[in-house]
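Down below is the structure, laid out as C-alpha cells.
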C-alpha cells in the first residue's frame, strides 16, 4: 500500500528529527561516517603493497615526515597506511561480532521471555553462566583453540558477549508479552511464532538496534585487546599495531607516532559508536518516551 | 441449542503458596443467539471463567464444550476453536498493537487462519462493526482513533473470523459514558443480524439490564443465582444479588455488605456467602430454621438449565411452602 | 507561571468574604500550550460552592472536568495557562504566593485522586503517609500525629492498627479510604474528589460513597466530586454541573438534572447508565453517535451540535449561554434557591427567532461562537 510507505517515510522523517535533536549523537554519526568512508575508500586510493614487510620503503621507526605523515614502524612501513588498512579489519570485526552477538542475544532473549517455565529457566541459567564468566579469557581460549583468522575472532567475541543483551531483550519481551494485544493475538489463534515475530520482535527491534550500536563499540575494544594479547586475525588492525608498538618499546624510545594514532583511532570510533547508541536509545527506547 | 457450555468447571491457581479456587464448580451455557451476562465483584472468578471458556486457562477439572463437543487442548484443536469463540477485551487501547494499522489489526485473524479474500473480509468486518466506509480506516493507527472506534476495531477483528460466540470482558468499562450505549447497541445488532451469541462479563448490573437475556451472578467461584434478566434483577432471590442491586445509586434502601470480597484461597465452609449474608445476620435464616445449614452445608451447584435458579438455603426454604 | 490573563481589580487576599461561600469560580479558562498550538481545555466556567454543599461535575474524557478541579489548587502542569478567578474562601488562588498556596493545599482544600493504588507510596506505611501533611504543616508533633492518624482511620472505617500496613497489604477499597483519611488530615474545608470510586466494585463504591456523604453531613465540608457517572453524582451531590468540551452545559439540583435534563448531552449522560428495572432501557442501550470532541479542534457554534440529535441549523454557528431551564429548588442547606440552567437553544423562549452571527450584541443569550475569556 502506497499510504503505508508514505507513513513509514513519515515515521522515518520523525525519527531523524528526534535524532537531530541529540547533539552528541550527531557528532558520533559524523565520526562514524568519516571512519566508514575511509575504510571503504582505502583500497581504491592506496596500494596494500606498502603493508608488506619485504616491500616497505621507509626507514625503521622514522618520525613523521612529508613522505610518511605519521612516521614509520619497526619494519619501515607507513603508520598512516597501516592505520587506514587496520580500520577495515577493526570495523569489520566490530560489526560482524556485534551482529553475531545481537542475533544470539535476541533469539535467546525472546525465546526465554516468550516461553515461560523450564525452557526459560534453562536459557537464563546459560545466560547467567556466560554473564559471570570472564569473557575476555574465554574469548582468548576460543581464539587459541580455533586458530587464527578474522572469522575466529568474530566468533570468539560474538559468542562471549551476548549474555547482557539476552537479559535486556528478555525483560523487554516480558513487558510486551504482558500487553493485552498479545493476548488478543492468541485468542485470534496466533501461535508462538506468530506472537514472537509479529508482536514481540517489532517491539524489541528499536532496543536491539540501539544495543547493537553499543555492542560494536565494546567489540572493537575487545578485538584490540585480543590483538594486543596476541590473538589477532593475522591482518594488521589497530589492536595489533598497539601490540607491535609495545613489542618494540615505542613508548620508551619516544616513538609517539607509533602509539598515539591507533590508540586515538580506537578511542574515537568507540566513543562515536557509544554516542550514537545512547542517542538511538534516547530516541527509540519506549521506556524513555511514550509509545506513540 | 446450547452453543458454549461449561460443565462442572474448576480452575485453580497457586497464590502465595496457597491454592486459590478461582472457579469452583460452575455449570453455565450460552445458547445460540443468546446474550448471557456474568455478573460479580472483582475477585469472584468471572474473568477466570471467561478466560477458561476462551481456552486461555486449562480447567483443573470439568469441561468446556462448544456445539456439544468437549474442547481439546492440542495446538491444532485450540486454533480451530479460536475461529468460533472470540474475545472482546476490556481495554481496546491496550489490545491494539500501536505499530499496526487498523487494516493489519483486523486482518491478523484471517491471516493466521489463512482465510481467502482478506481485503473484502476486513472491509466487511469493519463495516459490520460500524466503521464506514471501511477503506477510510484502513491506514489509520490506533492513536488516531477515539476509544469507541478502537473498541469497534477490536470487535471487527473478532468478526473477521465469523465466530459463533463473543466473550466480552467488561466491553465498555474503559469507554466514555456517551459512547458506551453505542457499543452495547452494536452487540445487540450483531445478535440480530448475524445470530451472534455473547457472554458479557461485567460488574455492572445496568449493563446486564441493557443487553442480556439471561444473567448469572457469581460469588467466590460459584454461580449463586441465574435466570432471565427481568426475573433475577427485578425480584432477586439470593441475598447477595439483593445486596448488589440495593447498592445501585438509585436504590432506596442500600444494604451495604461489610468487608471486602473474600479470598478464593480461603473459601468459607457451608454456604460460601454466609459470613457476609445479611439474611443470616438479620436472623431471618434462623427464623426459617436454615441457619445451621447455612453454616455447615454448601448449597448444591446450580444446573445450567433455563429458568430461574438460586443457590440459597433460605430462598429454597421460603419458596418451598408457597 | 500561572499568571492570570486578566489581573483582578482588587488586591488579592483582602476580598471581603461572602457568607458561607467556600469556593467561587469566575469565568475560569485553562489553555494548554503545546507545539501544535493552544488547546483550550476549560472555556469560561463559573461555579460556586457553599460550605457543607456537594457539587458534582459530570463529563467524559476531554470535557475539562479534571483540569478544572486541578486548577483550583494550581496543580496543573507548567504548560497550562489559567485565566479568570478562583476564589477559595474569598482569596484568589491564582495570585497567591507559593508559600500561601502550600498552606492552602491540605489545610483548607485537599484532593482525593483517582487510582488510589498509584497515589500512595508503596514503600511507606500508610500511617506515615497520612501523618505527613500534619507534620509538614506543623499541626502536630510526632506523638500527636499518631493519635490523629488513629482517629482519622477510625473515621474512615479502618482499625487503627492499619496505620502500620503498607499499601499493598490493603484492598482497593481500603486504599481509597486511606486516601480519604489523608485528605481529611488537616481538617480542610473543601475536598475535591476526582473519580473517587471509578476503579472500585459496586459494593465498595457504595461503602466509599456512604462514607463521603456522612463526612459532608457531619463536618460541613464542601465537596467537589468529579465523575463520568451521573447516577453516582446524583446519589451523592446536591447540585450537578454537566461539562462538555470545556464548558458547563447544564447545572441544577441533582435530581432534576439526572431525571429531567434539558440539554441533549445531559440527557444522553443520564441515559448512559440505566436504572435497573426501567422498562424503557431494557434491551435498548442508549448512547450518542460520534465521539467526544478533540479540544484542539472544537467544532464551531455549539460544540455539541455534530453529535446532537436535536440540533437546529443555527446551532452550527451560534453558541448559547446557560439559560434558565425551568424548575429549580431550594438549596438543601437552606440557602438561596438553585436554578436549573442549560446552554441549549431549546431552552430559549423562542429558539428560532434569534439574531444571526454578529447581530447578538444587544442580546444577552446568543453570542458569537468564539469567545476570549
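Of the two radii for region A:213-281, the radius of gyration is 1.05 times the Kirkwood radius, both from the alpha carbons; that is the Rg over Rh value. Note on chain A: Kirkwood hydrodynamic radius from all Cα pairs is 21.2 Å, rounded to one decimal. Counting Cβ atoms of other protein chains within 10 Å of each residue's Cβ and taking the mean over peptide B:167-177 gives 4. Note on the protein assembly as shown: Rg/Rh from Cα positions, Kirkwood definition for Rh, rounded to two decimals, is 1.05. The Kirkwood radius of region B:1-93, taken over pairs of alpha-carbon atoms, gives through the Stokes-Einstein law at 20 °C and 1.002 mPa s a diffusion coefficient of 153 µm² s⁻¹. Ordered by the number of other Cβ atoms lying within 10 Å of each residue's own Cβ, fewest first, C:221, C:192 fall into the sequence C:221, C:192.
If contacts are Cα pairs under 8 angstrom and at least 6 residues apart, what is the relative contact order of region A:45-147 in percent? Numbers along the way, then the final one.
Numbers: 76 pairs, mean separation 14.3, N = 103.
Taking the mean separation of contacting Cα pairs over the length of region A:45-147, I get 14 percent.
Per-residue ellipticity at 222 nm from helix content only, as computed over the protein assembly as shown with -39500 (n - 2.57) for each DSSP H run of at least four residues, stands at -13500 deg cm²/dmol. Sorted from longest to shortest, the spans of the Cα atoms of region B:92-162 along the three principal axes equal 29, 22, 18 Å. Each label point was placed 7 Å from the Cα along the Cα-to-Cβ direction; for residue A:151 and residue B:281 their separation is 7.8 nm. For region C:232-296, the fraction of C-alpha pairs more than 15 angstrom apart is 56%.
What is the calculated FRET efficiency for residue A:246 to residue A:6, with r their C-beta to C-beta distance and R₀ = 60 Å, to the nearest 0.05?
Numbers: r = 56 Å, r/R0 = 0.93.
The computed FRET efficiency comes out at 0.60.
On the basis of the beta-carbon distance and an R0 of 30 Å, residue C:38 and residue C:284 show a calculated FRET efficiency of 0.15.
What does the convex hull of the Cα atoms come to per residue for chain B, in Å³? It would help to have the intermediate numbers written out before the result.
Working: hull volume 46.8 nm³, N = 322.
With only Cα atoms used, chain B gives 145 Å³ per residue.
Pick from B:280, B:87, B:28: which is most flexible by mean-square fluctuation in a GNM of chain B where alpha carbon atoms under 10 Å apart are linked? Evaluated over chain B, the most mobile residue of the options is B:280. Between 0 and 90 degrees, the angle of helix B:147-159 with respect to the longest Cα principal axis of chain B falls at about 80 degrees.
Using a cutoff of 8 angstrom between alpha carbon atoms and counting only pairs six or more residues apart, the relative contact order for chain B works out to 21 percent.
Among rounded, prolate and oblate, which fits region C:33-142 when a ≥ b ≥ c are the square roots of the eigenvalues of its C-alpha gyration tensor, a/c under 1.5 means rounded, and a/b larger than b/c means prolate? Mind showing how you got there, number by number?
Working: a/c = 1.74, a/b = 1.46, b/c = 1.19.
Taking the square roots of the gyration eigenvalues as a ≥ b ≥ c, region C:33-142 is prolate.
Taking a ≥ b ≥ c as the square roots of the eigenvalues of the alpha-carbon gyration tensor, region A:149-276 is classed prolate because a/c is 1.5 or more and a/b outweighs b/c.
When you work out D = kT/(6 pi eta Rh) for region B:231-319 at 25 °C and 0.890 mPa s, using the Kirkwood radius from C-alpha pairs as Rh and the Stokes-Einstein form, the result is 176 µm²/s. Taking only the C-alpha atoms of region B:166-243, Rg followed by Dmax gives 13.0, 37 Å. Using the Cβ-Cβ distance between residue B:75 and residue B:319 with R0 = 60 Å, the FRET efficiency computed as 1/(1 + (r/R0)^6) comes to roughly 0.80. For region A:27-148, the Kirkwood hydrodynamic radius comes to 18.2 Å, computed from all pairs of different C-alpha atoms.
Residues of region A:229-273 falling in the label zone of residue A:144, defined by backbone nitrogen less than 14 Å from a point 7 Å along Cα to beta-carbon, are A:229-232.
Taking the square roots of 5 times each eigenvalue of the Cα gyration tensor of region B:136-177, largest first, gives ellipsoid semi-axes of 19, 16, 6 Å. The shape of region C:99-239 comes out oblate: with a ≥ b ≥ c from the C-alpha gyration tensor, a/c is at least 1.5 while a/b does not beat b/c.
Could you work out the relative contact order of chain A? I mean the mean sequence separation of Cα pairs under 8 Å and 6+ apart, divided by the number of residues, in percent.
Reported as a whole number, the value is 25 percent.
Remark: mean inter-chain Cβ contacts per residue of B:68-79 equal 1, using a 10 Å Cβ-Cβ cutoff to other protein chain atoms.
The slack in the chain from residue A:178 to residue A:99, taken as 0.36 nm per residue of separation less the alpha-carbon distance, amounts to 25.7 nm. For chain B, find the longest principal axis of its Cα atoms and tell me its angle to the long axis of helix B:118-128, 0 to 90°, nearest 10. Roughly 50 degrees between the two axes.
How many Cβ atoms of partner chains, on average, are near each residue of C:266-277 if near means within 10 Å of its Cβ? Write out the running numbers ahead of the final one.
Working: counts 0, 0, 3, 3, 1, 3, 12, 10, 9, 6, 15, 9.
Partner Cβ neighbours, averaged per residue: 6.
Taking Cα atoms only, the orientation of helix A:79-114 departs from the longest principal axis of chain A by about 20 degrees. Counting neighbouring Cβ atoms within 10 Å and putting the fewest first, the residues B:79, A:60, B:46 line up as A:60, B:79, B:46.
Going from the residue with the fewest nearby Cβ atoms within 10 Å to the one with the most, A:153, A:145, C:226 rank A:145, C:226, A:153.
Readers should treat all values here as calculations from the given coordinates under stated rules, not as data from a laboratory. Bear in mind that the values here come from a model prediction, so they are computed numbers and not experimental data. Glycine also receives a Cβ, built like all others from the backbone with ideal geometry; neighbour counts cover every protein chain displayed.
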